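Chemist: Here's a structure for you.
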Amino acid sequence: MKGLAKDLARLVGPEGFSTDPEDLLVYRHDAIAYFAQGEPAAVVLPQDTTQAARVMAYASQNGIPLTPRGAGSGLSGGCTPVRGGIVLDTKRMKGILEINRGNLTARVEAGVVLADFQKAVEGQGFFYPPDPQSKSVCTLGGNVATRAGGPRAVKYGTTVNYVLGLEAVLPDGEVIRTGSSCVKHSAGYDLTHLLTGSEGTLALITQATVRLLPKPPATCTALAVCPTMEMAARIVSETIAGGVVPSMLELLTTASLAVFNRFVTPPLPEEGEACLLMEFDGTAEEALRQAKEMAGACRDMGAMDVRVVPQADEAAVYWMVRSRLYPLVVSRFKRVVTEDVTVPRDRIPDFAAKVMGIAQETGLSMGLTGHAGDGNMHPTIRMDEVSDELQARADQAMAQVVKAGLALGGVISGEHGVGLHKAQFLELELGPEQIALMRRIKKAFDPKGIMNPGKIWPPELES
């Protein structure tokens, strides 16, 4: 340990690393505490790409496992140091290096907090749509590494749709720059998007060049409470089929209504099973027209309470509550297990029925929320107590949920990534041939196997 500390002090300076046990403890897990799988020998916080490259080269030369980390806000265990070694925390690399007005692009360091970046570009009349619920803390580098999504994916897509180029450090310390600041780029293999979503298993992302959009001039929010989950899911499916594309379309459960009623008036009817929260953007006239059309469709299909909320300050309250639902739920229960299954949007009603059936069969307390406009659903098991027996039942139930999603043509993760949490299911989606190809790609980038080991596929497939 003393030798490692001495070497790291030489590479990044005495303020650029820690081996203090109290500091190391918080790096054992991400936002899901029970994913704690190992403890690092050291945490390094480089100031720039040069320092990061020195640490990567050192780790490679000495065969030390290295785990990249952004804000630690992930929900799949992707940034946990399961094999110990060094955690490389990018939080000090937080420069917004360029906002190019004429090219509608920006270049940022990996440690920039998403909300800070969005505020900066919106101050210049631009718009960066990707919006994970953790945007107040999550970093651009972490977003790129996991292909993060969020509510606005229904209309604008996810992080992968905005990444034009990357600066990254390979495991041996070599720095590469992929892609460009051009919207069109078709030379060679697309290394930019190979690294996007690689979850720190191929390289350390240190900078990203992303495209921007003009900021929509106005938004309008609408809300509908439905007597059944099936009705809410059907409204989502038929809305998309009818060609209406909200900028956000969220599906929430009965428990959410009680939380909303702490903040909004008049209160929502809590006897409903589900709630749809929607936003439309464009000109003020366009946004209001779409919201009213959607509200009318919800009434025609039997929704109990339908509201159009054109005032921005009032609408902000609804979206504030939505963004805080997960931490509020976590604070009320001893443990919360959340899934991240995406299904085709026309299969949402079928998936909702499957989840509710699994809840009834297992006797577990299960809820269903999600970014319903793009089919990204988050079934959640809530536990008042924690025991090995209850955890085993929850794991079995979630396995059924994942397989139900796959049977409907879905995928095992829409935005959280694979990490530790989904490794057991990856082959069910991709098959052994694709897994074998990915392992060969991993070997080409990381022949010594030091980059975020133990992630994406089960240990028996890693060697």
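The values are calculated or read from the model by the stated rules, or taken from the named source; none is laboratory data. None of the values given here were measured: they were computed from a predicted structure. FYI the Cβ positions are ideal-geometry reconstructions off the backbone, even for glycines, and counts take in every protein chain you see. Side chains are part of the model used for accessible areas, which takes the heavy atoms of the whole protein and leaves out ligands, DNA and RNA. Shrake-Rupley method; radii C 1.70, N 1.55, O 1.52, S 1.80 Å.
Chemist: When the residues of the stretch 380-391 are narrowed to those that are assigned to a helix (DSSP H, G or I) and more than 15 Å from residue 339 (Cα to Cα), which ends up most open to solvent (accessible area, probe 1.4 Å)?
Modeler: Looking only at the stretch 380-391, we keep the residues that are assigned to a helix (DSSP H, G or I), and these are 388-391.
Next, from what is left, pick out any that are more than 15 Å from residue 339 (Cα to Cα): 388-390.
Numbers: 388: 139, 389: 109, 390: 30 Å².
Here the answer is 388.
Chemist: Mind counting the residues in the stretch 297-325 that are open to solvent by 70 Å² or more (accessible area, probe 1.4 Å) and within 16 Å of residue 262 (Cβ to Cβ)? Spell out how you get there, then give the answer.
Modeler: Within the stretch 297-325, the first condition is being open to solvent by 70 Å² or more (accessible area, probe 1.4 Å), and the residues that meet it are 299-300, 304, 311-314, 324.
With within 16 Å of residue 262 (Cβ to Cβ) added as a condition, the list becomes 314, 324.
The total comes to 2.
So that you can scan it fast, the table gives a plain yes or no per residue for (1) more than 30 Å from residue 177 (Cβ to Cβ); (2) aliphatic (A, V, I, L, M); (3) under 19 Å from the mean Cα position of the chain (by Cα); (4) not in a loop (DSSP other than H, G, I, E, B):
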{"residue": "6", "(1), (2), (3), (4)": "yes, no, no, yes"}
{"residue": "15", "(1), (2), (3), (4)": "no, no, no, no"}
{"residue": "67", "(1), (2), (3), (4)": "no, no, yes, yes"}
{"residue": "78", "(1), (2), (3), (4)": "no, no, yes, no"}
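Chemist: Next question, about the same structure. Tally time: how many residues in the stretch 139-151 are buried (at least 24 other Cβ atoms within 10 Å of the Cβ) and part of a loop (DSSP other than H, G, I, E, B)? First the steps, then the outcome.
Modeler: Step one: list which residues in the stretch 139-151 are buried (at least 24 other Cβ atoms within 10 Å of the Cβ), which gives 139-146, 148-151.
From what's left, part of a loop (DSSP other than H, G, I, E, B): 148-151.
Going through the stretch 139-151 one residue at a time, the tally reaches 4.
Chemist: Would you point out the residue of the stretch 80-94, among those that are modelled with pLDDT of 95 or more and open to solvent by 20 Å² or more (accessible area, probe 1.4 Å), that is farthest from the chain's Cα centre (by Cα)?
Modeler: Looking at the filtered set, the residue picked out is 92.
Chemist: Continuing with the same structure: Spot the failing condition for residue 74; the list is (1) of a type outside the set (D, E, K, R); (2) open to solvent by 20 Å² or more (accessible area, probe 1.4 Å); (3) in a strand (DSSP E or B), and only one is missed.
Modeler: Condition (3) is where residue 74 drops out.
Chemist: List the number of the failed condition for residue 288; all other conditions in (1) under 23 Å from residue 348 (Cβ atoms); (2) in contact (Cβ under 8 Å) with a residue 12 or more places away in the chain; (3) outside any strand (DSSP E or B); (4) not charged (D, E, K, R) hold.
Modeler: Every listed condition holds for residue 288 apart from (1).
Chemist: Look through 28, 69 and report the one residue that is open to solvent by 40 Å² or more (accessible area, probe 1.4 Å) and touching a residue at least 40 places away in the same chain (Cβ under 8 Å). Quick ask: steps written out before the conclusion?
Modeler: On the way: 69 fails: open to solvent by 40 Å² or more (accessible area, probe 1.4 Å).
Exactly one of 28, 69 is open to solvent by 40 Å² or more (accessible area, probe 1.4 Å) and touching a residue at least 40 places away in the same chain (Cβ under 8 Å), namely 28.
Chemist: Going through the stretch 357-371 one residue at a time, which ones are surrounded by 18 or more Cβ atoms within 10 Å (Cβ to Cβ) and not in a strand (DSSP E or B)? It would help to see each step written out before you state the result.
Modeler: Quick first cut of the stretch 357-371, residues surrounded by 18 or more Cβ atoms within 10 Å (Cβ to Cβ) only: 358-359, 364, 366-371.
Residues satisfying the conditions are 358, 359, 364.
Chemist: Okay, next question. Residue check: is residue 374 open to solvent by less than 10 Å² (accessible area, probe 1.4 Å), touching a Ser or Thr at 6+ places or on another chain (Cβ under 9 Å) and more than 21 Å from residue 257 (Cα to Cα)? Reasoning before the result, please.
Modeler: On the way: open to solvent by less than 10 Å² (accessible area, probe 1.4 Å): no; touching a Ser or Thr at 6+ places or on another chain (Cβ under 9 Å): yes; more than 21 Å from residue 257 (Cα to Cα): yes.
So residue 374 fails the test.
This table checks each residue for (1) under 22 Å from the mean Cα position of the chain (by Cα); (2) on the phi > 0 side of the Ramachandran plot; (3) at pLDDT below 90.
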{"site": "362", "(1), (2), (3)": "no, no, no"}
{"site": "374", "(1), (2), (3)": "yes, no, no"}
{"site": "386", "(1), (2), (3)": "no, no, yes"}
{"site": "395", "(1), (2), (3)": "yes, no, no"}
{"site": "399", "(1), (2), (3)": "yes, no, no"}
{"site": "405", "(1), (2), (3)": "yes, no, no"}
{"site": "410", "(1), (2), (3)": "yes, no, no"}
{"site": "413", "(1), (2), (3)": "yes, no, no"}
{"site": "421", "(1), (2), (3)": "yes, no, yes"}
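Chemist: Here's a check for you: in the stretch 326-353, which residue that is of a type in the set (Lys, Arg) and part of a helix (DSSP H, G or I) is most open to solvent (accessible area, probe 1.4 Å)? It would help to see each step written out before you state the result.
Modeler: Residues of the stretch 326-353 of a type in the set (Lys, Arg): 332, 334-335, 345, 347.
From the residues that got through so far, the ones that are part of a helix (DSSP H, G or I) too are 332, 345, 347.
Values: 332: 151, 345: 91, 347: 80 Å².
Of everything passing the filter in the stretch 326-353, 332 is most open to solvent (accessible area, probe 1.4 Å).
Chemist: Provide a single number: the residues in the stretch 167-181 that are under 13 Å from residue 97 (Cβ atoms) and touching a helix residue (DSSP H, G or I) at 6+ places or on another chain (Cβ under 7 Å).
Modeler: Within the stretch 167-181, residues that are under 13 Å from residue 97 (Cβ atoms) and touching a helix residue (DSSP H, G or I) at 6+ places or on another chain (Cβ under 7 Å) number 1.
Chemist: Check the stretch 234-254 and report whether any residue there is farther than 19 Å from residue 373 by Cβ and outside the structural domain of residue 121 (by TED's automatic domain parsing). Outline the logic, then answer.
Modeler: Within the stretch 234-254, the subset farther than 19 Å from residue 373 by Cβ is 254.
Then keep just the ones that are outside the structural domain of residue 121 (by TED's automatic domain parsing); that gives 254.
Yes, the stretch 234-254 contains a residue that is farther than 19 Å from residue 373 by Cβ and outside the structural domain of residue 121 (by TED's automatic domain parsing).
Chemist: For residue 23, indicate whether it is under 19 Å from residue 170 (Cβ atoms) and touching a residue at least 12 places away in the same chain (Cβ under 8 Å). If you could, list the steps in order and put the result at the bottom.
Modeler: Values: under 19 Å from residue 170 (Cβ atoms): no; touching a residue at least 12 places away in the same chain (Cβ under 8 Å): yes.
It is false that residue 23 is under 19 Å from residue 170 (Cβ atoms) and touching a residue at least 12 places away in the same chain (Cβ under 8 Å).
Chemist: Taking the stretch 43-57 on its own, how many of its residues are open to solvent by 10 Å² or more (accessible area, probe 1.4 Å) and touching a residue at least 40 places away in the same chain (Cβ under 8 Å)? Spell out how you get there, then give the answer.
Modeler: Filtering the stretch 43-57 for residues open to solvent by 10 Å² or more (accessible area, probe 1.4 Å) gives 45, 47-51, 53-54, 57.
Remaining after also requiring touching a residue at least 40 places away in the same chain (Cβ under 8 Å): 45, 47-49, 51, 53-54, 57.
Count: 8.
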